[in-house]
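Remarks on the structure that follows.
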Amino acid sequence: MTELYPAIDLRGGRAVRLLQGDYARETVYGDDPVAIARSFVEAGARWVHVVDLDAARTGDPVNRPVVAAIAAAVAGVARVQTGGGVRTAADARALADAGVARVVMGSAAVKDPSLVDTVADVVAVAVGLDHRDGELAVHGWTEGSGVRLTDVLDRYPRAAAFVITDIGRDGMLAGPDVAGLRAAAEATTVPVIASGGVASLDDVRTLAAQVPNLAGVITGKAIYEGRLLVADAVQVLEGTR
């Protein structure tokens, strides 16, 4: 079944969104990320996707107490998937101890695929494959890696999922990269979670219908700006709407 992953991006303890990963183009959507997470779960979400933007950029997990508070608030009803600055097995262990069900590893996994195998012994791992025009980006999306998305899909046999984000579409409400996501999903047996550009219920329907092996859909800005209701998206992915 395809799950909805409503997103909370944390910076300085607040819920924000960046345009195309640009830290200079930030919109603040709330000072109480825990309350936001609760509202997502009350609307039917069974996962919450949390990104520590500060840790992604600097490696300093300043928002970890907030992540732990979110996990505690939704425990027993929904699970938390967290990325941003997860670079070592110790980082993953700390997040697991904080109640996170799955970590997302991006830059570290691109640099050293074997690290995913190590961390998978601690907690489930989704590999974050964030790209601009097919080139993977690292270090909080601030640098290109010189590595193509299509070249790494067979490097992570123990990954629980791939979170594939088209940075050019992230926060732009321009619609998802359906063709690129479909091509990636057809090239791997690892479940794919789509991220970037989801702006409407029709985008959710299109992804569910056209991307095989789709494990989830991440969306943030569309929810915060009232373009998409969590309850409606959950129903579409359940096939009840």
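The values are calculated or read from the model by the stated rules, or taken from the named source; none is laboratory data. Note that the coordinates shown come from a computational prediction; the quantities given were computed from them, not determined experimentally. Every residue, glycine as well, gets a Cβ built from its backbone with ideal geometry; the counts of neighbours run over all protein chains shown.
Some observations on this one:
- Whether a residue is surrounded by 15 or more Cβ atoms within 10 Å (Cβ to Cβ) and touching a strand residue (DSSP E or B) at 6+ places or on another chain (Cβ under 8 Å) was assessed, and GLY196 passes this test.
- Within the range 214-233, the only residue that satisfies the criterion of being out of contact with any helix residue (DSSP H, G or I) (no Cβ under 9 Å at 6 or more places or on another chain) and β-branched (Val, Ile, Thr) is ILE218.
- Residues in the range 199-225 that are touching a strand residue (DSSP E or B) at 6+ places or on another chain (Cβ under 9 Å) and hydroxyl-bearing (Ser, Thr, Tyr) were compared, and the one that is nearest to LEU4 (Cα to Cα) is THR219.
- Flag for ALA109 being touching a helix residue (DSSP H, G or I) at 6+ places or on another chain (Cβ under 7 Å), free of Cβ contacts under 8 Å to residues at least 60 places away in the same chain, within 14 Å of ALA161 (Cβ to Cβ) and crowded, with 18+ Cβ neighbours inside 10 Å: yes
- So LEU237, is it surrounded by 17 or more Cβ atoms within 10 Å (Cβ to Cβ) and more than 16 Å from the chain's Cα centre (by Cα): yes
- Pairs are defined by a Cβ separation below 8 Å, a sequence spacing of at least 6 or placement on different chains, a first member in the range 188-201 that is free of Cβ contacts under 8 Å to residues at least 12 places away in the same chain, and a second member that is aliphatic (A, V, I, L, M); no pair meets this definition.
- Identification of strands (runs of 3 or more DSSP E) wholly contained in the range 1-105 with 3 or more residues that are modelled with pLDDT of 95 or more, surrounded by fewer than 19 Cβ atoms within 10 Å (Cβ to Cβ) and of a type outside the set (D, E, K, R) yields 22-30.
- Residues (assigned to a loop (DSSP other than H, G, I, E, B), within 22 Å of MET105 (Cα to Cα) and more than 16 Å from the chain's Cα centre (by Cα)) located in the range 169-202: ALA187, THR188, THR189
- Selected residue (criterion: farthest from the chain's Cα centre (by Cα)) from residues of the range 106-131 that are β-branched (Val, Ile, Thr) and not in a helix (DSSP H, G or I): VAL122
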